[in-house]
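Worksheet: the structure to be examined is printed underneath.
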Amino acid sequence: MTQHPSCIRPSITHSASPNPSDNHQEQDGDAAILDGLFGPDLRLIFQAIDWPALFRPLNRNLHLLDIGSEIRHLSRMLESTLNPDLEIRYDRVAFFPDRKDCGSLPSPFRHRSTFDGSWNEVRTRTSSSDRYEIIWAIHSFSILDSRDLSFPIIRQLLHRDRGTALIVLPKQHAFCHQLRLRYRQLFPSTDAHPSILTAEHAFSGMNSLGMPCLVRELECVHAIPLRDEPVLDTYLRRCAGDRRPSQTWRYLPSMRDFLDGFRHGSVYRFPHPIWVILGARPESGTDGRRRLYSYLKPISRQLVA
């Protein structure tokens, strides 16, 4: 039986302001709204990790593989934290065509390659000598079909001695997972992914490969006023996993009752607990686990997997 870790739970509650979009600017408008909602989550994640320790190479450069994450915000946050003499050779896996362009990255990031989201391409274009000191997927696995993922490949691509996987995912009882399941039950023919990875599944997958893992749990709540219809609509569509749902889906009796369960007066409060999972190659053993410990900022109580 897989052991589930217990962790201290820092908390954050935040809201976002509406940002309506017309058809031409729909994607940009949605991105701005989601940035407002998930941005505070990212800051909480940023506070949980000792980034200079994580990015401490044996020489002046290291290799980073980004699996589908939105890099621009975190890279700016890291710019003033990391050693300016460091060079981060940055590769990324883009699962969606409209996210292939990562834009300009601040120092010390140096964009090298972009893979098209196929694990076959990652394997083909990386040689046996290509190993990454850091592989991260921050809030990206939660929007992918879990059948698209391959933890054995992630393990293979990690540097044997210094490699660290950083995976951030919501837990299975987070609102987004609850809504996705209900949406699939109501609309079984939808394009919404049927099998979404949760933090617990990721931990089990890495643990089953013998990878030493540590977990920090963060309690987040996405608070959205009822009157902020553009924000609410964008957020619920994101959680449902369907960009073009029926215009009436939210008003079906069973869905309306479900959403009302998260209503507190004039505000919806959607729980979004997340796990920050750190993992290493199995061969790293005790030294690898000790190294992972050093990447978590100390708190008053720390229980890990």
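Every number in this text was worked out from the coordinates using simple rules, so none of it is lab data. Only a predicted model underlies this, so the values are computations on that prediction, with no experimental measurement involved. Please note: Cβ atoms are built from the backbone with ideal geometry, for glycine as well, and neighbour counts cover all protein chains shown.
Before moving on, here are some points about what is shown:
- For region 204-305, the relative contact order works out to 49 percent when only alpha carbon pairs closer than 8 Å and six or more residues apart are counted.
- Compared with the alpha-carbon gap, the fully stretched path from Asp260 to Gln47 is longer by 73.4 nm at 0.36 nm per residue.
- Binning the C-alpha pair distances of region 163-262 at 10 Å intervals from 0 yields a P(r) profile of 13, 41, 29, 14, 3 %, listed from the shortest bin outward.
- Amide proton proximity set for Ala165, modelled H, under 5 Å, gap of 5+: Ile135, Gly279, Ala280
- Annotation note: trypsin sites (Lys or Arg not before Pro) in region 196-305 located in DSSP loop regions with a Cβ neighbour count of at most 15 within 10 Å are Arg227, Arg243, Arg301.
- A viscosity of 1.002 mPa s and a temperature of 20 °C, combined with the Kirkwood radius over C-alpha pairs in the Stokes-Einstein formula, give region 32-100 a diffusion coefficient of 159 µm²/s.
- Across region 265-278, rounded Karplus estimates of 3J(HN,Hα) from the backbone phi angles (6.51 cos²θ - 1.76 cosθ + 1.60, θ = phi - 60°) give x, 9, 10, 7, 10, 9, x, 9, x, 10, 10, 9, 10, 10 Hz, Gly and Pro being marked x.
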